[in-house]
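Below you'll find the structure, written out as structure tokens, and then a few comments.
We did not get these values from a lab; they are worked out from the coordinates using the rules stated. Note that this is a predicted model, so its numbers are computed, not measured. Counting neighbours? That spans all protein chains shown, and the Cβs are built from the backbone with ideal geometry, glycine included.
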Amino acid sequence: MSGLFRSVFRAVQLGSATCRPKNFDGHVSVVSARLFCASAGQNDLAEMVKKDKVVVFIKGTPAQPMCGFSNAVVQILRMHGVENYASYNVLEDQDLRQGVKTFSNWPTIPQVFFNGEFVGGCDILLQMHQNGDLVEELKKLGIRSALLDVQNDEKSK
């Protein structure tokens, strides 16, 4: 089974896209099927990143990150008390892994989205954490950073 056929079949099977070649004379147009599916995939990604306030595409899972950069993103979110977020393991789906890179125009994983907007990768999230911007961005999402509570506890001592 060809890779394209598998991708089309998986997309149709999962209900995430309706991928059909544009010519119905019995011949499959690989180019039109690929372009049609890629477009459907980008629409799916747009919905995925809007589904939750915080969405991350990482290697592995939050419970078991499979690379240091993904682990750093998970740890930063954990330090801020962000527990309710959507996480997608790009190691399970190579189409998702490449698709999110194309969607965000960012070449590396992990990738972080707030309210459907691309924030950046591990380096950007770390920088935001270090300079305090992450606390403010989380506040805009209606998420109170747990680091504010730690700071208040230290001041009251």
Simple spin-label estimate for LEU141/THR108, 7 Å along Cα→Cβ, in nm, reads 2.0
Taking N as the residue count of region 65-157, its alpha carbon Rg divided by 2.2 N^0.38 Å gives 1.17
Sparse-neighbourhood loop hits (GluC sites (Glu not before Pro), region 68-157; DSSP loop; Cβ within 10 Å at most 14 others) -> GLU83
